[in-house]
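Asker: Questions regarding the structure given below will be posed in turn.
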Amino acid sequence: MQDMDAVRSDVLAQVQAADLEGLERLRVAELGKKGRITALMKELGGLDPEARRSRGAALNALKEEVAAALEARRAVLAAAALDARLDSEKLDVTLPIRPERQGRIHPISQTIDEVIAIFGEMGFVVAEGPDIEDDWTNFGALNIPPEHPARQEMDTFYLPGERDGRRLVLRTHTSPVQVRTMRNQQPPIRIIAPGRTYRSDYDATHSPMFHQVEGLVIDRDLHMGHLKGCLSEFLRAYFAVDDLPVRFRPSYFPFTEPSAEVDIGCARDGGTLRIGPGRDWLEILGCGMVNPVVLENCGIDPGQWQGFAFGMGLERIGMLKYGIPDLRTFFESDLRWLRHYGFAALHQPSMVTGL
Ligand code: PHE
């Protein structure tokens, strides 16, 4: 019995000191096939029945006690290990989200969206045309003959090759979308056409690629009053100045007759430009009543239909509204510029929620 007591206290002490792997080694060393307690059990066969019974019962009790001690210690160590892991992998769901780098809407996209929101409210739909045009659609149909100075003034980019015997150009304005719309659609027509345009020109207010928005309305009994009302309404909504002075100055475009240039009021005090009532004027767009020659070129009977059209530079109205000093910066892809002048990605301009 003494040797069993010694084994017992030795094993239990070792169990208390063991880590998880140590416990497994102990189990093998004591209770395994070649273990110490197993060896004691094997010796039972040599004893007389009386002694075998009492020593066998005691050995079984020892075996069970050791197994229980191993299991209890294992459970304690496993729980502690789990606690340590939970502690080290702590996830604080109450922390505020980390600020993500958000994309910004380019001022040109924003300006286009704003223009669409305003004219959309007036019943205009968006029309599109290709950047590469033939010279008839870009010039001829718009009453700009080959020798006309406008072709030089617009610093046209000509492309090699032709389409249907006509020279190809990068469209110098969005006015060819007027032609395409009238050729393909019966009046009444009420479209705006925002898009890219191209002229060989480069300084603080010009870039070889820039954007315009065209407007075209064809209906019966249209006159200059409709044109003036429509554009005044647009400009006051776009610049968000209810009492914005709007002035129509006689001008010339081959495709409109009569033609006008539109100025808006502004004040320049202390080197800053403020758009609204003031002593100065800013030229903002070109417009006029559609020349009957253009209607005829596009298969529309000028005896029955009249129209007005307008075109303006989107960079220009964006620069004026948002105080962007240099047009070239629109296309330099400078992320710092975009972060400064760009717009929140999820804000969709509308006349209901605001531009
Ligand atoms: N297409 C003209 C330009 O680019 C603008 C314009 C459009 C003028 C429609 C009158 C009517 O300068």
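Asker: Closer than 28 Å to Ile324 by Cα and either over 27 Å from the mean Cα position of the chain (by Cα) or at pLDDT 95 or above (or both), is that true of Ile144? It would help to see each step written out before you state the result.
Answerer: Working: closer than 28 Å to Ile324 by Cα: no; either over 27 Å from the mean Cα position of the chain (by Cα) or at pLDDT 95 or above (or both): yes.
The answer is no for Ile144.
Asker: Residue by residue through the range 252-281, note down the ones that are of a type in the set (Phe, Trp, Tyr) and within 16 Å of the ligand (Cβ to nearest atom). Full working, then the answer.
Answerer: If we filter the range 252-281 for residues that are of a type in the set (Phe, Trp, Tyr), which is where we start, we get 252-253, 255, 281.
Hits for the range 252-281 are Tyr252, Phe253, Phe255.
Asker: Pairs needed: first member in the range 285-305, of a type outside the set (Lys, Arg); second member anywhere, open to solvent by 60 Å² or more (accessible area, probe 1.4 Å) and within 13 Å of the ligand (Cβ to nearest atom); C-beta distance under 6 Å; at least 6 residues apart or different chains.
Answerer: Note: pairs meeting the criteria are Gly288/Pro258; Asn291/Glu257.
Every residue, every condition in (1) under 30 Å from the mean Cα position of the chain (by Cα); (2) of a type in the set (Gly, Ala, Ser), yes or no:
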| residue | (1), (2) |
| --- | --- |
| Leu285 | yes, no |
| Asn291 | no, no |
| Gly313 | yes, yes |
| Arg316 | yes, no |
| Phe331 | yes, no |
| Asp334 | yes, no |
| His340 | yes, no |
| Leu346 | yes, no |
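Asker: Run down Glu261, Glu283, Glu332 and say which single residue is surrounded by 15 or more Cβ atoms within 10 Å (Cβ to Cβ) and of a type in the set (Asp, Glu). Please lay out each step first, then the result.
Answerer: Numbers: Glu283 fails: surrounded by 15 or more Cβ atoms within 10 Å (Cβ to Cβ); Glu332 fails: surrounded by 15 or more Cβ atoms within 10 Å (Cβ to Cβ).
It is Glu261.
Asker: Being within 16 Å of the ligand (Cβ to nearest atom), within 29 Å of the chain's Cα centre (by Cα), outside any strand (DSSP E or B) and crowded, with 16+ Cβ neighbours inside 10 Å is true for just one of Thr181, Thr172, Thr197, Thr156. Which residue is that? Can you show your working first?
Answerer: Values: Thr181 fails: within 29 Å of the chain's Cα centre (by Cα); Thr197 fails: outside any strand (DSSP E or B); Thr156 fails: within 29 Å of the chain's Cα centre (by Cα).
Only one candidate qualifies: Thr172.
Asker: Can I ask one more? Can you give me the ranges of the strands (runs of 3 or more DSSP E) entirely in the range 216-292 with at least 2 residues that are under 21 Å from Gln178 (Cβ atoms)?
Answerer: Numbers: elements: 246-253, 256-269, 272-275, 280-290.
By residue number, 246-253, 256-269, 280-290.
Asker: (1) at pLDDT 90 or above; (2) in a helix (DSSP H, G or I): which one isn't true of Arg52, the others all being true?
Answerer: Failing condition for Arg52: (1).
Asker: Looking at (1) under 23 Å from Glu315 (Cα atoms); (2) away from the ligand (no atom under 14 Å from the Cβ); (3) out of contact with any helix residue (DSSP H, G or I) (no Cβ under 6 Å at 6 or more places or on another chain), can you tell me which one Ser207 breaks?
Answerer: (3)
Asker: Between Val294, Val241, which is open to solvent by less than 10 Å² (accessible area, probe 1.4 Å) and either of a type in the set (Val, Ile, Thr) or more than 10 Å from the ligand (Cβ to nearest atom) (or both)? Spell out how you get there, then give the answer.
Answerer: Working: Val241 fails: open to solvent by less than 10 Å² (accessible area, probe 1.4 Å).
Just a single option satisfies the conditions, and that option is Val294.
The values are calculated or read from the model by the stated rules, or taken from the named source; none is laboratory data. Source: prediction; values computed, not measured. Because the Cβ atoms are built from the backbone with ideal geometry, glycine has one as well, and the counts that use them run over all protein chains shown. We work out accessible area using only protein heavy atoms, side chains counted, and drop any ligands, DNA or RNA first. Shrake-Rupley method; radii C 1.70, N 1.55, O 1.52, S 1.80 Å.
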